[in-house]
Amino acid sequence: MHGTLRQPTSNPFQLVEPTVAKKDFDVSYVAHLARLELASAEAESLGRQLGQVLAYMAKLEELDVAQVEPTAHAVPLANVTRPDEIRPSLSNADALRNAPASNDGLFVVPKIVE
Amino acid sequence: MDYEPVIGLETHVQLRTQSKMWCGCANAFGAPPNTHVCPVCLGLPGVLPVANDAALRLTVLTGLLLRCEIPPRAKFDRKNYFYPDMPKNYQLTQYDQPSAMGGYVEFEFQGRIERVRLTRIHLEEDVGKSFHFDRHSGVDFNRAGVPLLEIVSEPDLTSAEMAYAYLNALKDILIYGGVSDCDMEKGMVRCDVNVSVRPAGSRGLGAKIELKNLNSFSGVRQALEHEISRQIKVLNRGGALVQSTRRWDEVLGVTEEMRTKEDAHDYRYFPDPDLMPLEPTEAWLAEVREGVVELPLARKQRFMHDYQLPAADAQSFVDDPTLGDYFERIARGAANAKAVANWVINDLRARLADSGWGLHDLKFEPRGILELVGLVERGQLSHKLAQEVFAQMFRTGRSPAAIVKERRLAQVSDTAALEAFCDQALAAHPGPVNDYRSGKTAALNFLKGQVMKLSQGKANPALVGEILERKLREPTPSSS
């Protein structure tokens, strides 16, 4: 690993606390975040399955990682950059080719309201 | 009860790069929609974003300019949300390990130097632009992936006016550093505002209200003025404020609620697995440090101190840095820098504006202004004629000395010659002479004017005044 070992920083994963057991998370909330519509039977079975996955992952808790730096990468690489140079873009027609709907060069989407 | 506002700003600034943050599409405003797009910034499957070196440098340069700490390591995270302005359904940003921490912005405000602390500066990508039609919306991704800084201030601002001054100071610094063009018309700077009010003098913080959709500094000021008085009214009526996000409606001049804390976004940040961390090396930092420039406020203070200029003159040279640089080249060797500043700010700037020229078009040597100042200072040229000489210098590029010699404009300080002009003027205008002698001393100015006319403007006005006064006090009238 790169650099010196440090204390882990605060965990940015807000979805599920690592200590969560089977039932302690809200399947419908997670489904909403992923914009999934679940029937109640699906929510029940997926909730059970997710609970099993989390319980399995909870085994990692047994490891003492206090001295291990959190990392998202297995390779010790840093500072991967490219020079600031313009490269050709797609044509507008190519850019829109996969769009379900387009008009006047724009991607057309359902009306956005925030 | 008296309330005081507590304000913090999140300022988004587009960086001045050629290409976007993760791909080679042009970072340019105003192109036809979806023509600066590619598989990377359209978020097509299987693409690999690679960080733009120039954007990373400009980010750290901003941190250095604003006296931030540059952490040894920064990384990029995914901020997940569903909104069609980002085709990937996440925005790349620096969540818990940004490129710059702390720092501050110093600026003049109401006669004092204020310091607003910064929390952090992080680098992220701009999102696409949406257009709203009756039944659907359209999205242009030309802007998606443009490198965008977010500069987060501490809640150190205490009024709408102060927020406005802070933003202008920040903008000037970023322009000075070449970090961003900060063109408001092109949406290069946008703000989110956090504002709460608390009983005056207390330490706690009230419910934080976030204002969105602010794309001009005057909009920020107006929205804050409105929102502060709205919050105070609610509290004075015995109401309660809850943490929420409100949208500023520029047309109606009001803020309206968008969402409260209960439905705040859950962005589920996590480190981007495609992007490697940034670990600035000493050599790289040294290169970036070369881009650190003198900040506008420091420049103003230096001009006031080194050249003894009044604040307004120094500000002119801050607002127009190339004019200021030009002034400095001349003023370094000047005995009277203030006089040089007057020529540069008044006469030169006016002629440049009239002619449409830039400083690089100037035909005369910079030291020409120094010579001109010298001629006036030594009493060899009246200020009025010096302006004519300057006009000719500007047109032809010839030196002031050459112009003065050729046109015989040199000021007449030869007493005998001036005495003759004075006698002539006194003889020709007995009325004013009598006026002066009967106590109307203002008549002296008229007589002085006549002498200047006779000398075709070349007489030394101070000497003329002395001679006239002496002659008018003589017991025997020289006019008969």
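The values are calculated or read from the model by the stated rules, or taken from the named source; none is laboratory data. As the structure is a computational prediction, the values presented were derived from the model and not from experiment. Glycine gets a Cβ as well: all are built from the backbone with ideal geometry, and neighbour counts include every protein chain shown.
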Q: Report, by residue number, each residue of the range A:96-113 that is surrounded by 11 or more Cβ atoms within 10 Å (Cβ to Cβ), within 25 Å of the chain's Cα centre (by Cα) and assigned to a loop (DSSP other than H, G, I, E, B).
A: A:ALA99, A:ILE112
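Here's the yes/no breakdown for (1) in contact with a helix residue (DSSP H, G or I) (Cβ under 9 Å, 6 or more places away or on another chain); (2) more than 20 Å from B:GLN222 (Cβ to Cβ); (3) of a type in the set (D, E, K, R); (4) part of a strand (DSSP E or B):
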residue	(1), (2), (3), (4)
B:ALA163	yes, no, no, no
B:ASN168	yes, no, no, no
B:ASP172	yes, yes, yes, no
B:GLY178	yes, yes, no, no
B:ASN194	no, no, no, yes
B:VAL197	yes, no, no, yes
B:GLY201	no, yes, no, no
B:GLY206	yes, yes, no, no
B:GLU210	no, no, yes, yes
Q) Among the residues of the range A:23-42, is there at least one that is part of a loop (DSSP other than H, G, I, E, B), of a type outside the set (Lys, Arg) and closer than 26 Å to B:LEU275 by Cα? A) yes
Q: Identify the single condition in (1) surrounded by fewer than 18 Cβ atoms within 10 Å (Cβ to Cβ); (2) away from chain A (no Cβ under 14 Å); (3) at positive phi that B:CYS182 does not satisfy, given that it satisfies every other one.
A: (1)
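Listed here are the residues, each with its yes/no results for (1) of a type in the set (A, V, I, L, M, F, W, C); (2) out of contact with any strand residue (DSSP E or B) (no Cβ under 7 Å at 6 or more places or on another chain); (3) surrounded by 20 or more Cβ atoms within 10 Å (Cβ to Cβ); (4) closer than 30 Å to B:VAL13 by Cβ.
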| residue | (1), (2), (3), (4) |
| --- | --- |
| B:SER196 | no, no, yes, yes |
| B:PRO199 | no, no, no, no |
| B:LEU205 | yes, no, no, yes |
| B:ASN213 | no, no, no, yes |
| B:ARG237 | no, yes, no, no |
Q) Would you pick out the residues in the range B:138-154 that are out of contact with any Asp or Glu (no Cβ under 7 Å at 6 or more places or on another chain) and either modelled with pLDDT under 95 or under 18 Å from B:ARG67 (Cβ atoms) (or both)? A) B:LEU149, B:ILE151, B:SER153, B:GLU154
Q) So which residues in the range B:26-53 are within 20 Å of B:CYS182 (Cα to Cα) and surrounded by fewer than 22 Cβ atoms within 10 Å (Cβ to Cβ), if there are any at all? A) B:ALA26, B:ALA28, B:PHE29, B:GLY30, B:ALA31
Q) Among the residues of the range B:121-136 satisfying the criterion of being touching a residue at least 24 places away in the same chain (Cβ under 8 Å) and within 14 Å of another protein chain (Cβ to nearest Cβ), which is surrounded by the most Cβ atoms within 10 Å (Cβ to Cβ)? A) B:LEU123
Q: Looking for whichever is at the interface with another protein chain (Cβ under 8 Å from one of its Cβ atoms), surrounded by fewer than 17 Cβ atoms within 10 Å (Cβ to Cβ) and not polar (S, T, N, Q) here; the options are B:ARG115, B:ARG73, B:ARG67. Which one fits?
A: B:ARG73
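So that you can scan it fast, the table gives a plain yes or no per residue for (1) part of a helix (DSSP H, G or I); (2) at pLDDT below 85; (3) in the same structural domain as B:VAL376 (by TED's automatic domain parsing); (4) aromatic (Phe, Trp, Tyr):
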position	(1), (2), (3), (4)
B:GLY431	yes, no, no, no
B:ASP435	yes, no, no, no
B:THR441	no, yes, no, no
B:ASN445	yes, no, no, no
B:MET452	yes, yes, no, no
B:LEU463	yes, yes, no, no
B:GLU469	yes, no, no, no
B:PRO475	no, yes, no, no
Q: Would you mind finding the one in A:ALA43, A:ALA39, A:ALA66 that is away from every other protein chain (no Cβ under 11 Å), farther than 28 Å from B:PHE76 by Cα, over 22 Å from the mean Cα position of the chain (by Cα) and at pLDDT 80 or above?
A: A:ALA39
Q: Considering only the range B:80-132, state which residues are in contact with a Phe, Trp or Tyr (Cβ under 6 Å, 6 or more places away or on another chain) and of a type in the set (Lys, Arg).
A: B:ARG115, B:ARG117
Q.
Looking at (1) more than 32 Å from the chain's Cα centre (by Cα); (2) closer than 29 Å to A:ALA34 by Cα, which one does B:ASP2 not meet, given that it meets all the others?
A. (2)
Q. Based on what the data block shows, is B:ALA425 modelled with pLDDT under 90, in the same structural domain as B:ARG470 (by TED's automatic domain parsing) and touching a Leu at 6+ places or on another chain (Cβ under 6 Å)?
A. yes
Q.
Restricting to the range B:438-465, give me the number of residues that are exposed (fewer than 14 other Cβ atoms within 10 Å of the Cβ), of a type outside the set (Gly, Ala, Ser) and farther than 18 Å from B:ALA386 by Cα.
A. 3
Q) Of the conditions (1) surrounded by 12 or more Cβ atoms within 10 Å (Cβ to Cβ); (2) without any contact (Cβ under 8 Å) to a residue 60 or more places away in the chain; (3) within 14 Å of chain A (Cβ to nearest Cβ), B:PRO273 fails just one. Which one is it? A) (1)
